[in-house]
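Each reported figure results from applying straightforward, stated rules to the coordinates on display, with no laboratory input. Since the model is a prediction, treat every value here as computed from it, not as a measurement. When we count neighbours, we look across all protein chains shown, and the Cβ atoms used for this are built from the backbone with ideal geometry, even at glycine.
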Amino acid sequence: MIDPARAKRIKLLGLDVDGVLTDNSLFIGVVDGKRVEFKRFDVQDGLGFVLLRGTGLEVCWVSGRVSESTAERARELQVTELVQDKGANKLVPVQEILTGKGLTWDQLAWVGDDIADVPVLRKAGLAIATDNALPEAKALAHHVTAKCGGHGAVREVIVDLLQARGEYDAALRRYLEARGDTPL
Ligand SMILES: [Mg+2]
C-alpha cells in the first residue's frame, strides 16, 4: 500500500522506461541493411495512463536509452513529456521538467528499476521500485510493486496511487462513462 500522505502530495508521476514500462527486453535486428529495435510494452499499463486523464496528475517518461519504439509508445498514449538521454543522466532532465511545471521534488513520484534511477529515487517525494528492480533501487524505495516491469507494474502503481489519493473510483467511473458503459 502506498502511504496516503505521500500520495496526496504528488503532482507528477515520472517513469523510467526499460525495466519499468518494459521487461528490459530489446529486440534488435537488421532489416534491409537497416538496424531495427523493438520493445514490448504492456497493454494493461497503457490503460492506466488513460485512467490518469482527468485526475490532474501529470506524467513524464525519462529514459537512458534513445529508442523510436519508446517515442512511438509515448505518442500512442499521449505522453508528451518524454526525455531520452543516452547518457542515462536522469537527474538533470527531471529537475528541468519539475522547474518547468513549477513543482518540487516532494511532488514527484518516481518509478525505477536500476542504478541509473538511484539519484532520482533519492530525491523523489514518493520513490517506487518495481519488483524486478536492483537491490540498490529497492533500498531507496518507499514502495515496491508486487508486479515486474513490463508485466503490469505501471498499472499497479497507477491504481495504488489513485486509491491512496481516494481518486480511483472516480477515475474508473469517468473512464466507463466516457465509453458509455455502466459503472462496475
Ligand atoms: Mg530501467
On the formula 1/(1 + (r/R0)^6), with r taken between the Cβ atoms of Ala170 and Val43 and R0 of 22 Å, the FRET efficiency rounded to 0.05 is 0.45
Once both label points are put 7 Å beyond Cα along the C-beta direction, the Asp32-Gln78 separation in nm becomes 3.3 nm
Compare the peptides 145-154, 73-82, 42-51 by average per-residue count of other Cβ atoms within 10 angstrom and give them in order, highest first. 145-154, 42-51, 73-82
Listed highest first by mean packing, meaning other Cβ atoms within 10 Å per residue, what order do 84-93, 108-117 come in? 108-117, 84-93
For the chain, build the charge dipole from Cβ charges (+1 Lys, Arg; -1 Asp, Glu) around the Cα centre, then report which of Val159, Ala133, Pro4 sits farthest towards its positive end. Pro4
At a 10 angstrom cut-off on C-beta neighbours, averaged per residue, how do the peptides 59-70, 125-136 rank from highest to lowest? 125-136, 59-70
Given all pairs of distinct Cα atoms, the chain yields a Kirkwood Rh in Å of 16.6 Å
For each pair in Lys34/Lys86; Lys11/Lys138; Lys101/Lys147; Lys86/Lys123; Lys8/Lys101; Lys11/Lys90, compute the distance between the two Cα atoms and list the pairs where it is over 24 Å. Lys101/Lys147
